[in-house]
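First comes the structure, then the notes that go with it.
The values are calculated or read from the model by the stated rules, or taken from the named source; none is laboratory data. None of these values were measured; they are calculated from a predicted model. No Cβ is skipped: glycine too gets one built from the backbone with ideal geometry, and neighbour counts run over all protein chains shown. For accessibility, only protein heavy atoms count, side chains too; no ligands or nucleic acids. Shrake-Rupley method; radii C 1.70, N 1.55, O 1.52, S 1.80 Å.
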Amino acid sequence: MSHIRIAPELHLILEPMSGILAEEKDDVLEYSLDHISTLVEELDKISDDMMNSLGPDHPLLASFPGREKAAVTAGVWTNIFYGFIGGLILMFLFTVLMKIGGL
C-alpha cells in the first residue's frame, strides 16, 4: 500500500511521499499504483534507450559494457574504406581518359 495506518482505532493514515496526515474514510476507494509505477519506470528506461540510440556515444541497454564508441569507430573505418575504393575508381577513370584522350 502507499499509506501507513498510524492509529487504526482513530482511522488516521499517513501518506509517506507527501507527509499528509488524513482521516481514513469508508466511502473512498483505495487503489495501489505501485505496480504501475514500476511499469512506468521500465518504459522510461526504454524511452531513454531510444533517445540514446540516436547518438553514437551513448551506452545502450542491450549492448555490452565499453561499446559506447563502437559506432564512431565503425563509421570512421567505413568512410576510410569507401574513400579508398572511390579514390581507386577515380584514378582508374583518370588513367583511362589519359590513355584514350591523350591528356
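Within the set (1) 20.4; (2) 14.1; (3) 16.4, the number that Kirkwood radius over Cα pairs in Å takes when calculated for this structure is listed as (1).
Assuming 0.36 nm per residue, please report the length gained on full extension of the stretch Tyr31 to Leu61 beyond their Cα-Cα distance. Spell out each step's value before the answer.
Details: separation 30, 0.36 × 30 = 10.80 nm, distance 3.20 nm.
Result for the pair: 7.6 nm of gain on full extension.
Taking 0.36 nm per residue of separation and subtracting the Cα-Cα distance, full extension of the segment from Ala71 to His3 would add 19.8 nm. To make sure I understand the rule: partners must be lysines, Cα under 29 Å from the Cα of Lys45, and not fewer than 8 residues away in the same chain. Which ones qualify? Once the sequence-local lysines are set aside, what remains near Lys45 is Lys69.
Carbon and sulfur together cover what percent of the accessible area of the chain at a 1.4 Å probe radius? Intermediate values should be presented prior to the final figure.
Numbers: 6270 of 9140 Å².
About 69 percent, which is the carbon plus sulfur part of the accessible surface.
Farthest toward the positive end of the dipole of the chain, out of Thr73, Ile6, Leu93, is the Cα of Leu93, where the dipole comes from beta carbon charges about the Cα centre. Here is how the number arises for the chain: DSSP H runs of 4 or more residues each give -39500 (n - 2.57), the sum is divided by the residue count, and the result at 222 nm is -17500 deg cm²/dmol.
Counting only heavy atoms of the protein chains and using a 1.4 Å probe, Ser53 has close to 70 Å² of accessible surface. Here the chain is treated with +1 on each Lys and Arg Cβ and -1 on each Asp and Glu Cβ, and its dipole about the Cα centre works out to around 1520 debye.
What number, in percent, do you get for the relative contact order of the chain if the mean sequence gap of Cα pairs under 8 Å and at least 6 apart is divided by its residue count?
Values: 60 pairs, mean separation 11.8, N = 103.
Worked out over the chain, it gives 11 percent.
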